[in-house]
Amino acid sequence: APLRLWGGRFAGGPAEALAKLSVSVHFDWRLAPYDLLASKAHARVLYRAELLDDAELAAMLGALDDVGADVAAGRFTATIEDEDVHTALERALVERLGTLGGKLRAGRSRNDQVATDLRLYLRAAVRQVAAVLTELSEALVDVAEEHVATPAPGMTHLQHAQPISFGHQILAHVHAFARDVDRLRDWDRRAAVCALGAGALAGSSLPLDPEGVAAELGFDRAFANSIDAVSDRDFAAEFLFAAAMIGVHLSRLGEEIVLWTSREFGWVELDDAFATGSSIMPQKKNPDVGELARGKSGRLIGALTGLLATLKGLPLAYDRDLQEDKEPVFDAVDTLLVVLPAVTGTVATMKVRTERVAAAAPDGFSLATDVAEYLVRRGVPFRSAHEAVGALVAWCVEHDADLGEVSDAQLAAINPAFTPDVRDVLSVAGALDARSAPGGTAPARVREQIANLRPTLAAD
Ligand code: ARG
């Protein structure tokens, strides 16, 4: 019969239908290394509590290390008969130590164990996510650096609005990802709580050492309330929010890549290694990475909303519903770790068609605001200036002309405030340079942003 962590009061084993519903080992097995780490720390706690003697501690730690090596090498694997990772690893221990293996569970419940394991796993995974996120930011900053002075159409409502530095636009994405990294760091501060010692929910009558075990496992502190320790999944939900936010940022960048690679924009040419073809249309070169970045964000949002729905009605303390916390968390980590490197590769290898981007910058009367501000500098109230430039644009639309193609006479006819020197502001480069306030799109300011961002990326 399979080894179970319970059964003394039961006449028989669980129904197959229950066992199938209950089993989690096929997904929580990835917690095995963390469970073993926590087990070693707990063994030392039992030793300090004089519940294990020297020889027993040595045997216990040796066996846990052996199990760890066997797990890492694939020599020990869980079977579907092992309800969960904790059950499987206790089986491994008992196989090696006999009855001594049964001593480790003293003062410990799977409830405090699983909360601790998941925090350990996620703190390590989050460091990995932050590192790959930083690689994406670096790739974006490299592109931005090359295009500090490349004028591009800046858009609102996806319509030409005002010219911007293409580098400035790229850096806007970097700032979003920098906030994500900051959020992950901030998350870690709150997540660094160890649940071991909380037991099932009420703590233990044995002299355990929650603070000591927390420190040994690299946590900042032990739980302050044993009920909260086993009930709290804020750290999982908060991580899923951070992951969903990263997904949303990736989706918005992905959408821009999709637009930029369209024939209509033609701003970006993807490297062959980061584009896909069509099974029927031989000419196709598709931006699937951008689309999958966009698509996977839906999945990340789903993980967050799914977990929140699981948590919302739960009475304290532990409920088995909490077993549903792991798959969304694992899926979000896995999703980010496949999407991010692909987006980074896409960005790092794409070719920006500088001429084409720059040529589009003045399209759509994007210098109209500069003309209005020229009038403001000459004392015209902005309300009237806006009106006058609106009339100028309307004339140009009607006559299929650019702002710079209107004759002196026509300018004066549209509004007497227009004198020929208005053409001085009809320069895209001038428009960029003029926006030189901090955070502006002037190339000098964009260079400053890069100089400020670089060291923060290097620190990650
Ligand atoms: N596998 C469970 C989980 O992931 C931990 C076991 C707690 N089970 C229990 N019957 N108290 O949450």
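Overview of values
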item	result
For the range 16-106, with +1 on Lys and Arg beta carbons and -1 on Asp and Glu, the positive-most of L37, G74, G62 along the dipole	L37
Fraction of the pair-distance distribution of the range 368-426 above 16 Å, Cα-Cα pairs, percent	32 percent
Placed amide H near I164: partners under 5 Å, 5+ positions off or other chain	A152, G154
Range in the chain, longest, excluding exposed GluC sites (Glu not before Pro) [loop by DSSP; at most 11 other beta-carbon atoms within 10 Å]	51-263
Estimated FRET transfer efficiency when R0 is 51 angstrom, pair A49-R454 (beta carbons, to 0.05)	0.50
Taking the range 249-288 and dividing mean pair separation by its residue count, relative contact order in percent (alpha carbons under 8 Å, at least six apart)	28 percent
Amide H contacts of A195 (H built 1.01 Å from N, under 5 Å, at least 5 apart or other chain)	T116
Kirkwood-Stokes translational diffusion coefficient of the range 111-357, alpha-carbon pairs, 20 °C, 1.002 mPa s, µm²/s	107 µm²/s
Per-residue ³J(HN,Hα) for the range 393-398, Karplus 6.51 cos²θ - 1.76 cosθ + 1.60, θ = phi - 60°, Hz, x for Gly and Pro	4, 4, 4, 5, 4, 5
Leading residue at positive end of dipole, the chain (Cβ point charges), from L340, S297, A192	A192
Helix 54-73 axis, angle to the chain major axis (alpha carbon atoms, nearest 10°)	50 degrees
Translational D in µm²/s for the range 182-260 (Stokes-Einstein at 10 °C, 1.306 mPa s, Kirkwood Rh from C-alpha pairs)	108 µm²/s
Residue-count net charge about G62 - beta-carbon cut-off 11 Å; Lys, Arg +1, Asp, Glu -1	-1
Length-normalised contact order of the range 16-106 in % [C-alpha pairs under 8 Å, at least 6 apart]	40 percent
Compactness of the chain - radius of gyration and Dmax, Cα, Å	30.6, 102
The range 84-126-the range 256-302 distance, computed between alpha-carbon centres (Å)	44 Å
Which of V371, G313, I280, positive extreme of dipole for the chain (C-beta unit charges)	G313
Cα-centre dipole for the chain with unit charges at Cβ (Lys and Arg positive, Asp and Glu negative), debye to 20	580 debye
Total charge dipole magnitude, the range 111-357, about the Cα centre, Cβ charges on Lys, Arg, Asp, Glu only, Debye to nearest 20	600 debye
The range 1-81: C-alpha gyration tensor shape, a/c 1.5 cut-off, then a/b vs b/c	oblate
Sparse-neighbourhood loop sites, chymotrypsin sites (Phe, Trp or Tyr not before Pro) in the range 1-92 - DSSP loop, at most 10 other Cβ within 10 angstrom	W6, F10
With Cα atoms, 0 to 90° folded angle of helix 443-459 axis to the chain main axis	10 degrees
Computed Kirkwood radius, in angstrom, where 1/r is averaged over Cα pairs of the range 338-460	17.2 Å
Within the range 111-357, percent of DSSP bridges classed antiparallel, to nearest 5	80 percent
Cα centroid of the range 149-219 to Cα centroid of the range 355-414, whole Å	45 Å
q = 0.12, 0.20 Å⁻¹: log10 I(q)/I(0) that the Debye formula gives for the range 259-348, counting C-alpha atoms only	-0.54, -0.95
The range 286-444 - charge dipole about Cα centre, Lys and Arg +1 at Cβ, Asp and Glu -1, debye rounded to 20	340 debye
Relative contact order for the chain, counting Cα pairs under 8 Å that sit 6 or more residues apart, in percent	16 percent
Lysines with Cα under 27 Å of K296, excluding same-chain neighbours fewer than 8 positions away	K284, K285, K312, K326, K351
Interchain or long-range residues, amide H under 5 Å from R435's placed H	A442
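Bear in mind these aren't lab numbers, they're just calculated from the coordinates by the rules spelled out. Keep in mind it's a predicted model, so treat the numbers as computed, not measured. Methodologically, a virtual Cβ is constructed for each residue, glycine included, from the backbone with ideal geometry; neighbour enumeration extends over all protein chains shown.
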